[in-house]
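What follows is a single structure, written as structure tokens, with notes after it.
The values are calculated or read from the model by the stated rules, or taken from the named source; none is laboratory data. In this text the structure is predicted, and so the values were computed from the model without any measurement. For neighbour counting, all protein chains shown are included, and Cβ atoms are generated from backbone atoms with ideal geometry for every residue, glycine included.
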Amino acid sequence: MKLTVIMTTYNAAVWLEKVLWGFSAQTHTDFEIIIGDDGSTAETGNLIARMQQETGLRIRHLWHEDAGFRKCEMLNKAILHAESEYLVFTDGDCIPRKDFLAVHAQQAEQGRYLSGGYCKLPMQTSQAICREDVLSGCCFDLKWLVANGLKHNHKHLKLMVTYGQAAILNRITLTKCNLKGSNASVWLNDALAVEGFDTRMQWGGLDREFGVRLINNGIKPKHVRYNAVCIHLDHGRGYKDAKKVKANKELRMSNARNRVKRTAYGISRLLEDGYVPEEETLAVKLWKRQKESESA
């Protein structure tokens, strides 16, 4: 099963390098990576070019100028460049365990989106991780993490369980199965049908709102919380704004109440405003097919 991995980044080349090491070690190897760059300096582009050479990863680097927080617009651009029927969403600060993509591929079901989780690391631990730690997998070992500054708590259970235990925990967990942009997957057709991400949204719940519209369109959530594992590197959030977070929540809750399936501020708006991928990708072909079917 071919996968398209979509992640965004912004001036965090050191963290992105560690993430790409993680993808270079995946047991599931049939995938492409699309990195949506929300206006980084040349350092990020140089890092991506070097990692392509060093790892052999198939990476497409999309960039637009820095005009403030435009993550949703960049995510929609990345979706339009997809060349496979299944999308895996993560972030440029989340290192995947070697079986991360294998779990998403194995658990994929028609009519479902998958929602995973992450283990959040403090800065000390994030900085301690080097290439060998990622490739050997020791940075996913709880003992190693604790020895390097992580304070152990119940949220780190996912690092300790077997595959059988993970399956049980995914079924019985009381945690809501909200879509998380750091660890989620969905069929390309389903993402296009709801118009991708809402570009009105700034930081704070933009991924969860996308999941609400998927659910409203008949797509059921499914947990991979305990078996699709990634670790989240620490960083500041200077873009965090309480008023915008509140506005995002209000929009999400309104869409949930009113069973909204599509946003008028998504992929179609992007194309109507003149954005054109360099080539007619699978995503563009499927989008055109959906529009033709709707107008028939």
field: Boolean, Gly274 is crowded, with 19+ Cβ neighbours inside 10 Å, at positive phi and not aliphatic (A, V, I, L, M)
entry: no
message: Just the residues that are touching a helix residue (DSSP H, G or I) at 6+ places or on another chain (Cβ under 7 Å) and not in a helix (DSSP H, G or I), please, taken from the range 126-141.
response: Ile129
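Let me confirm something: among Ile34, Ile6, which residue is in contact with a Lys or Arg (Cβ under 6 Å, 6 or more places away or on another chain), crowded, with 17+ Cβ neighbours inside 10 Å and not in a loop (DSSP other than H, G, I, E, B)?
Ile34
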message: Looking at the range 248-259 only, could you name the residues that are over 22 Å from the mean Cα position of the chain (by Cα) and surrounded by 14 or more Cβ atoms within 10 Å (Cβ to Cβ)?
response: none
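Test of understanding: among Gly196, Gly211, Gly181, which residue is in contact with a Ser or Thr (Cβ under 9 Å, 6 or more places away or on another chain), farther than 27 Å from His154 by Cα and buried (at least 20 other Cβ atoms within 10 Å of the Cβ)?
Gly196
Residues of the range 212-265 being among the basic types (Lys, Arg) and under 30 Å from Gln26 (Cβ atoms), which ones? Reasoning before the result, please.
We begin by selecting, within the range 212-265, every residue among the basic types (Lys, Arg); these are 213, 220, 222, 225, 237, 240, 243-244, 246, 249, 252, 257, 259, 261-262.
Once the filter is applied, which keeps residues that are among the basic types (Lys, Arg) and under 30 Å from Gln26 (Cβ atoms), the range 212-265 yields Arg213, Lys220, Lys222, Arg225, Arg237.
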message: Of everything in the range 97-116, what is closer than 9 Å to Val224 by Cβ and either of a type in the set (Phe, Trp, Tyr) or buried (at least 22 other Cβ atoms within 10 Å of the Cβ) (or both)? Give them in sequence order.
response: Val103, His104, Leu114, Ser115, Gly116
query: Is there any pair linking a residue in the range 80-104 that is under 21 Å from Gly196 (Cα atoms) to one that is among the β-branched types (Val, Ile, Thr) and part of a loop (DSSP other than H, G, I, E, B), with Cβ under 6 Å and at least six apart or on different chains, and which?
result: His81/Thr281; Glu83/Thr281
query: Of all residues in the range 15-54, which are aromatic (Phe, Trp, Tyr) and more than 20 Å from Ala105 (Cα to Cα)?
result: Trp15
Any hit, the range 75-86, residues being buried (at least 18 other Cβ atoms within 10 Å of the Cβ), basic (Lys, Arg) and either part of a loop (DSSP other than H, G, I, E, B) or over 17 Å from the mean Cα position of the chain (by Cα) (or both): no
message: For the list (1) part of a helix (DSSP H, G or I); (2) over 25 Å from Trp15 (Cβ atoms); (3) at pLDDT below 95, I need the number of the one condition that His156 fails.
response: (2)
